[in-house]
Amino acid sequence: MEYVLNYIVAEYLVLIPVLYIVGVFLKTSKFFNDKYIPLTLLGLAIILIIFFQNNFTFQGIAQALIQGILITGATVLSNQVFKQLQKDKPFLSLAAVANDDQKGEMGTITNNSETIKTVNYAPIIGMVNNNQEGGKVMPVKVYLDAGHGGNDPGAVYHGYQEKDLNLEAILYIGKRLTELGFTVGYSRTTDINPGEVFARGVKTQGYNYLLSIHCNAGGGSGAEVIVNCKEIGAVVESNYRTELSRLNNFRKIYSRKYSNGAIIERNIVSGKFTNVVNDLDWYGILRGCWSVGVSGDLLELFFMDNINDLNIYLLNKQRYWEAIIKSICLTFGIDYQESSDDSSNIKAELKGEIEQLKGIISDKEAEINILQAEIDSFQPITLYQKKERT
Ligand SMILES: [Zn+2]
């Protein structure tokens, strides 16, 4: 850009903003084809320069031609630079960068992408009726997705892999929801890669709700709930916010646009989102479940790269999971009963981890001792013996 400016006659620089404005005007005009804009601007620039110069000789016109090309080039270039800067804006959120890999394939959207789904959770709650004996007609079907897996570890910080934390959470939540009477489906129950994200979303067909669990990274603190751009019903998201706020910072509820990655915070008033985001959803799994008429959330439990967040989570993980279970129960009108296990099993687990680490330390110490012994007994190799002069 600088080099281009060096060759432009200084007086003509004023034409750049003029051409820019004309260009923007043509762009907003419905009757003008965008692809002719640069050529039109070039013609306009040359004509203006010829009149500026007031030199209608062959040399004058040739000069105007060169200056016109340079000026138009600079205008179009500055427009592109501006556009690129705007484009990059949504990606400035580091937390979002950590989830760029979750966009996945476009997939086949069977629903009209422009149709705003009007279903909220009311019809689902309506499924839980009492039968003739007074018992509940079940089941409510929940599909659980542990993010990443197998060859895809997700975020890796402080010796923890996201895929393991996600799976641990999902297995606990699934077991408890089953005890409470839900029917639970899983994208994975072991350390395997459960496949492309959109396809995973499509597998929720016939379920009432999808929950995909992840752990965040990229600088930040607290839980985040990500909901499909077009979702209106906000009962479960509102419950997550209430319940998870008791344990740690709750960051936000948002949607992310497929078209440009922009993050839009979602506002809730009495169980409904007041702002619907008119775009496809960024997250493949949310697009996938939406395409088969299933509402879903992607829940980021905490920030793995934030040691404080990680410690709070590790010490309270069972409480996090119970908060999620309670939120789902409240949403579907199922009685929530606290787990009979207290947190002593977590203490035992942590003690076990400490013992394991102590074992690693003593192994490493033994290795260090062996190396030290080698150094102590080290004899330099000499290929010839230096003879003393006699
Ligand atoms: Zn993840």
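The values are calculated or read from the model by the stated rules, or taken from the named source; none is laboratory data. Worth saying up front: this structure is predicted, and the values here are computed from it rather than measured. Cβ coordinates were reconstructed from backbone atoms using ideal geometry, including for glycine residues, and neighbour counts include every protein chain displayed. All accessible areas refer to the heavy atoms of the entire protein, side chains included, with ligands and DNA or RNA removed. Shrake-Rupley method; radii C 1.70, N 1.55, O 1.52, S 1.80 Å.
Observations on the structure shown:
- Considering (1) in contact with a Pro (Cβ under 7 Å, 6 or more places away or on another chain); (2) surrounded by fewer than 14 Cβ atoms within 10 Å (Cβ to Cβ), the lone condition that GLU179 does not fulfil carries the number (1).
Residue by residue, here is whether (1) open to solvent by 60 Å² or more (accessible area, probe 1.4 Å); (2) modelled with pLDDT of 95 or more holds:
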position: ALA122; (1), (2): yes, no
position: ASP145; (1), (2): no, yes
position: ASP164; (1), (2): yes, yes
position: VAL184; (1), (2): no, yes
position: ILE192; (1), (2): yes, yes
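- TRP321 vs. criteria among the aromatic types (Phe, Trp, Tyr), in a helix (DSSP H, G or I), open to solvent by less than 30 Å² (accessible area, probe 1.4 Å) and closer than 19 Å to GLY233 by Cα: no
- Residue list for the range 185-243, restricted to those being among the aliphatic types (A, V, I, L, M), within 15 Å of the ligand (Cβ to nearest atom) and over 24 Å from SER259 (Cβ atoms): LEU211, ILE213, ALA217, ALA223
- Of all residues in the range 258-273 being outside any strand (DSSP E or B) and over 11 Å from LYS230 (Cα atoms), the one that is most open to solvent (accessible area, probe 1.4 Å): SER270
- SER339 vs. criteria small (Gly, Ala, Ser), in contact with a helix residue (DSSP H, G or I) (Cβ under 9 Å, 6 or more places away or on another chain), modelled with pLDDT under 95 and more than 16 Å from the ligand (Cβ to nearest atom): yes
- Positions within the range 166-176 being open to solvent by 10 Å² or more (accessible area, probe 1.4 Å) and in contact (Cβ under 8 Å) with a residue 40 or more places away in the chain, in sequence order: GLU168, TYR172, ARG176
- Per the conditions (1) open to solvent by less than 10 Å² (accessible area, probe 1.4 Å); (2) within 16 Å of the ligand (Cβ to nearest atom); (3) under 15 Å from the mean Cα position of the chain (by Cα), the sole criterion not satisfied by SER255 is (2).
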